[in-house]
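The values are calculated or read from the model by the stated rules, or taken from the named source; none is laboratory data. Since we're looking at a predicted model, the values are computed, not measured. Positions of Cβ are generated from backbone atoms using ideal geometry, with glycine treated the same way; all protein chains shown enter the neighbour counts. Only protein heavy atoms, including side chains, enter the accessible area calculation; ligands, DNA and RNA are left aside. Shrake-Rupley method; radii C 1.70, N 1.55, O 1.52, S 1.80 Å.
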Amino acid sequence: MAKYLQRSIDKASQQMLKQAEKDSVQLAWDRLEAMQPQCGFGELGICCRNCSMGPCRIDPFGEGPQAGVCGANADTIVARNLLGHIAVGAAAHSDHGRDVAHTLALVGSGEAHDYGIADRVKLIETAGIYGIPVEGKTDIQLAKEVAEKALAEFGQQHGELKFPSRAPKKRLDVWRKLGIVPRGIDREIVESLHRIHMGVDNDYKNIILHGLRCSLGDGWGGSMIATDLQDIMLGSPAPIRSKVNLGVLKEDHVNVVVHGHEPTLSEMALKAASDPELIKLAQAQGAEGINLVGMCCTANEILMRHGIHTAGNFLQQELAIMTGSVELMMVDVQCIMPALTGLASSFHTEIVTTSPKLKFPGVTHIEFKEERAFEIAKSIIKRAVGNYKKRDKSRVNIPKETMDLVAGFTAEQIKTILGGRFRATYRPLNDAIISGRIRGIGGVVGCNNPKIKHDWAHIEMVKELIKNDVIVLQTGCSAIACAKAGLMTPEAALEFAGPGLREVCETVGIPPVLHVGSCVDNSRILIAAAEVVKEGGLGEDISDLPAAGAAPEWMSQKAISIGMYFVASGVFTVFGGAQPVLGSKNVTDYICGELEDIVGGRFAFEEDPIKAAHLMIEHIDKKRAALKLKKTITQISTD
Ligand code: NFS
Ligand code: SF4
């Protein structure tokens, strides 16, 4: 089989991969190949560079050294490395949350006049959670107080974060008993870094328990703040139609790709792209107009709120440039490949960085300031327009593929869609699970990784789940993968869902796979799970639910943090490739076994997406049996 066919399951991507082969362009897949064999010590998690007595490595075959110079053994080194990954992932998500809170605070103080309050109801609700009295206050005053309270949670030193109180009471009790309710978001990240310093924590269980606490500060802290405050400021999503895949790039338009994570600037870029003055300018250059599209999680943000087209997921960032049709790629933070600028320089594409946290040597940097957001966005779009004339038309090669999808499902929306606007409730969902029309809930999330055929594991797993009547909630690059495969249209229920799930989808008119947003929006899945528990009839804790999570093509540190807070929240979670822990049998057994007795959730590692789906289904069935629920039709047929 030709290489390009082995590398991605997505037709549009295959076309660009083929082009790259023809032009001898090096992409992530080629760099992975050149990197072989990759370091086995690193893969197993048993190398340590924490101090200058090292670097040290443990011999995995038991013949060579079993301890570093300081005496740290495999358990300590593996657990410490894992905690480091969790801390980095939690820091990334939470710093995003901090930036959003900062912007909302500027709205409150009247300094960021390009933004406002788009969801009053959520503002009041959030104020309620924070215990802020609402009476007699304007929205702007309230926004300021909510933002200040959120910002204070990052540096809080004692007590508990507020949002974990939204979890079921039993869950909160589990965390309290273990002493892992996060005290402050930054505090848990900093303490992680302290604990992994040379010669601090060397009890692997103690290290991982803190990892759970740190990750909870992400899922029920920083990420949740990001999601909720974005909703307040930019609007809460509602079901919306759109299109996805590289075919959304337009041959006769100025193409701008917004890539990264934080929607504050991309929202403004979106506004700027429809500015009549700039459109006129584009037309004067011979273009029909300005076409702004998204990449990775920024794509998910503007898709969820505005139905903006998505060009692709993580492994398509280089491929978008390969189309020769991108005038400008505006990036902020996270998941931006350093390879982009090299590739862009062989096309006319201009990369523009916008965050003080991410620069490329020698690349245009236009710093984003909340106070002048629209003006800055306009200047960036203007550059894109100016760049259109440099496009080499003979090199333009845009794949035709696009796919329709419906996105915009949030914890609140699911409630309204199922229960109706006047009596929004999770009752119909709970009843569908209890009666067995829906077997359970799957959360399938995370990245792409060139070690796994692009998109393949996501699509195979999700198809297998819905075939077995498991309704699937998705975020991140995983959502984009399944959207491209057509799994996010209501019609997909007819073709791919099992009989029970199909009936539910048909009645309500929803896809069997629900797009709930970007990676910080995994917090929406936590809230949905908490709401289902609250609705009653399915146990008293998230760990009682017939539900499971997965990240079949994960690669980032953020994915590890997400996995950890799912597990800490009581969810059985399958990762595609193993986390770098296999060098310690104790740590592996702990996170893939023993943790279940402690927090109700655990990990499993399974590369085969069908087998992984069945691990999830088995777990769902185990929970159904514990709840004494009836067997579903698909359950009986696969028994
Ligand atoms: Ni999530 Fe989003 Fe994609 Fe992975 Fe990266 S874009 S925050 S980390 S690669 S899903
Ligand atoms: Fe080696 Fe210990 Fe230093 Fe790590 S902390 S590099 S194991 S001596």
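Would you please name the residue that is nearest to Gly583 (Cα to Cα), looking only at residues in region 77-90 that are within 16 Å of ligand 1 (Cβ to nearest atom) and open to solvent by 10 Å² or more (accessible area, probe 1.4 Å)? It would help to see each step written out before you state the result.
Our first condition is that a residue be within 16 Å of ligand 1 (Cβ to nearest atom); within region 77-90, this holds for 85-90.
If we keep only those that are open to solvent by 10 Å² or more (accessible area, probe 1.4 Å) as well, we get 85, 88.
Details: His85: 16, Val88: 21 Å.
Filtering first and then ranking leaves His85.
Just to be sure, is Ser523 within 14 Å of ligand 1 (Cβ to nearest atom), closer than 28 Å to Arg80 by Cα, open to solvent by 10 Å² or more (accessible area, probe 1.4 Å) and of a type in the set (S, T, N, Q)?
When the stated conditions are applied, Ser523 does not pass them.
What are the residue pairs meeting all of these: first residue in region 39-51, first residue outside the structural domain of Ala79 (by TED's automatic domain parsing), second residue within 16 Å of ligand 1 (Cβ to nearest atom), Cβ atoms under 8 Å, and 6 or more apart or on different chains?
As it stands, the answer is Gly45/Gln579, since those pairs meet every condition given.
Testing Glu350 on (1) closer than 18 Å to Gly294 by Cβ; (2) touching a helix residue (DSSP H, G or I) at 6+ places or on another chain (Cβ under 9 Å); (3) open to solvent by less than 20 Å² (accessible area, probe 1.4 Å), one condition comes back false. Which one is that?
Glu350 satisfies all of (1) closer than 18 Å to Gly294 by Cβ; (2) touching a helix residue (DSSP H, G or I) at 6+ places or on another chain (Cβ under 9 Å); (3) open to solvent by less than 20 Å² (accessible area, probe 1.4 Å) except (3).
Show me the helices (runs of 4 or more DSSP H) entirely contained within region 556-639 in which 2 or more residues are hydroxyl-bearing (Ser, Thr, Tyr).
Those helices (runs of 4 or more DSSP H) span 557-568, 633-638.
Would you be able to say whether some residue in region 239-251 is part of a helix (DSSP H, G or I), open to solvent by 10 Å² or more (accessible area, probe 1.4 Å) and closer than 30 Å to Gly128 by Cβ?
No; the residues of region 239-251 include none that is part of a helix (DSSP H, G or I), open to solvent by 10 Å² or more (accessible area, probe 1.4 Å) and closer than 30 Å to Gly128 by Cβ.
Those residues that are over 14 Å from Pro399 (Cβ atoms), part of a loop (DSSP other than H, G, I, E, B) and open to solvent by less than 20 Å² (accessible area, probe 1.4 Å), I need them from region 283-325; list them, please.
Passing the criteria: Ala287, Gly289, Gly307, Asn313.
Mind telling me which of the residues Glu375, Glu371, Glu262 ends up being crowded, with 19+ Cβ neighbours inside 10 Å, out of contact with any Gly (no Cβ under 8 Å at 6 or more places or on another chain) and over 27 Å from Met16 (Cα atoms)?
Glu262
Can we say Val533 is surrounded by 23 or more Cβ atoms within 10 Å (Cβ to Cβ), among the β-branched types (Val, Ile, Thr) and more than 30 Å from Lys243 (Cβ to Cβ)? Break it down into steps so the answer makes sense when it comes.
On the way: surrounded by 23 or more Cβ atoms within 10 Å (Cβ to Cβ): yes; among the β-branched types (Val, Ile, Thr): yes; more than 30 Å from Lys243 (Cβ to Cβ): yes.
Yes, satisfied.
Residue by residue, here is whether (1) within 30 Å of Cys482 (Cα to Cα); (2) away from ligand 2 (no atom under 16 Å from the Cβ); (3) open to solvent by less than 50 Å² (accessible area, probe 1.4 Å) holds:
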| position | (1), (2), (3) |
| --- | --- |
| Gln6 | yes, yes, no |
| Arg31 | yes, yes, no |
| Phe61 | no, yes, no |
| Asp75 | no, no, yes |
| His96 | yes, yes, yes |
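So, Lys22, is that one open to solvent by 10 Å² or more (accessible area, probe 1.4 Å) and either over 29 Å from the mean Cα position of the chain (by Cα) or assigned by TED's automatic domain parsing to the domain that holds Leu319 (or both) or not?
Here the answer is yes, as Lys22 does meet what is asked.
From Cys39, Cys48, which residue is away from ligand 1 (no atom under 16 Å from the Cβ) and surrounded by 15 or more Cβ atoms within 10 Å (Cβ to Cβ)?
Cys48
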